[in-house]
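The values are calculated or read from the model by the stated rules, or taken from the named source; none is laboratory data. Treat the numbers as computed from the prediction; the structure is a model and nothing was measured. Every residue, glycine among them, receives a Cβ derived from its backbone with ideal geometry; neighbour counts consider all protein chains shown. Surface areas here come from the heavy atoms of the whole protein model, side chains and all, with no ligands, DNA or RNA. Shrake-Rupley method; radii C 1.70, N 1.55, O 1.52, S 1.80 Å.
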Amino acid sequence: MKVLYGVQATGNGHIARARVMAPALAEAGVDVDYLFSGRPKAELFDMECFGDYQARRGLTFCMGEGAKVLPLKTLLNNSLVQLYRDVRSLDVSHYDLVISDFEPVTAWAAKLANKDSMGIAHQYAFLHALPDSYYSKLVRPGIKLFAPVKQAVGIHWGSFDALIAPPLISPARFASKPTHKMILVYMPYEVNDVLFYWFSAFPDYEFRVYSKIDKAYVRRNVVFSPLSRDCFEKDLSMCEGVISNCGFGLASEAMQYGKKFLSKPMKGQAEQQSNAHILKSLGLATIIKELDVDVIEAWLRLDSPLPKCFPNVAATLSEWIASERQKPLDQVVKQMWS
C-alpha cells in the first residue's frame, strides 16, 4: 500500500504526531512518502525518521510577541497563488491513499484528483460538538476549508460521544523522576528576556526554557536551550511541572508523565482557546491570560497529578490503514477507548 502523508509543520505538535505514526505505519507494512508545509525546510529538526521527505510553502500563522496571532501579517505572508501552484503540481495519482495531518497541499491535491483521503489530527475533532463553549463552532468551517478530507479522525482527551480517538502520542520513553523545583518551559513566541524577567522572581526554582536559539546559555536560575526532541522529553520526565501555551500535543505528554500544567493559550487562536476551556473544565491545567507572579507562585505550590495512561493509537490506526480500513471507524474508535 502506497501512502502520501502530509503534515502541517507550523506547530511541533503535528510533527510529533507524524513521528509517532511513522514507525507504526512502517511496522504495519505501509509504504509512506512524507510532505511537510507551513515552515521553511531549514527550520525543521529531528526529521531522520521521515527519510527523503518533501517540503512545500503551504499556509501558516504569523505570531507576535506574547503569542498573539497577527492577522494582517499572516495574510500578507501567505500566498494563495503559491498554494494553488503547489496543489496543482503535486501528483497523487500513484498513491492508494492520502493522509493529512491538517496539511492543505496534500488535502487539496487529493480532493481535486478525487483521490481517497483521510485526516488524522486534533483539528478534525472540531468537526464534532465539543464541550468548549462556542469555539468548535467558530473554527469548524475553517477546518473543512483548510484541509478537506473524505474521512476524518479527530483526536482529543475524551470521545465526547463522537468519533474522536484518544491522544496520538508516543509512549513515555523515560521514567518520571521529578527533580525538585525544576520547571520545563516551552513558549516559543515569548521573548526570552521577558521570560527571564518573570522566572527570575523565583530564585529557588530552576526553569528550563526551550526556544529557537543556536546555543544554550544560563541566566541565574533560567537555562535557555535550543530545540531538541530528545533533550526536551528527558527534561519533561524530570520536571515538576510544565509552563506552555495550549497546544494539544504537549498538554497530552504532560498528562502522560503526570506533570502539572500552567498554560497561556495563544491569543486569536480559537483552537488553543478551546483546548484551554476543556483543560480547565476537566481540572487538568491552570489557565492564565498573562504571566503573573502571584499566579505562578500559587501554581508552583500545587501537587502533581497522577500520570495518565493512553492507548497505542498509532498502532491501531496503522493496522487499520494497512487493512484498507475495512472495519468501520466507530468500531476502531470504540476499541481505542475500551
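Quick look at the numbers
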read-out	value
Residue check, L317 aliphatic (A, V, I, L, M), open to solvent by less than 80 Å² (accessible area, probe 1.4 Å) and not in a helix (DSSP H, G or I)	no
Selection from segment 293-309 of residues that are modelled with pLDDT of 95 or more, surrounded by 12 or more Cβ atoms within 10 Å (Cβ to Cβ) and assigned to a loop (DSSP other than H, G, I, E, B)	L302
Residues of segment 143-181 classified as in contact with a strand residue (DSSP E or B) (Cβ under 7 Å, 6 or more places away or on another chain), of a type in the set (G, A, S) and farther than 18 Å from P328 by Cβ, total	1
Segment 192-228: number of residues that are surrounded by 14 or more Cβ atoms within 10 Å (Cβ to Cβ), in contact with a helix residue (DSSP H, G or I) (Cβ under 8 Å, 6 or more places away or on another chain) and more than 21 Å from M238 (Cβ to Cβ)	1
So D204, is it free of Cβ contacts under 8 Å to residues at least 60 places away in the same chain and touching a Pro at 6+ places or on another chain (Cβ under 8 Å)	no
Enumerated helices (runs of 4 or more DSSP H) restricted to segment 64-153, each holding at least 1 residues that are modelled with pLDDT of 90 or more and surrounded by 15 or more Cβ atoms within 10 Å (Cβ to Cβ)	80-89, 104-112, 135-146
Looking only at segment 1-38, and only at residues there that are within 17 Å of the chain's Cα centre (by Cα) and charged (D, E, K, R), the one that is surrounded by the most Cβ atoms within 10 Å (Cβ to Cβ)	R17
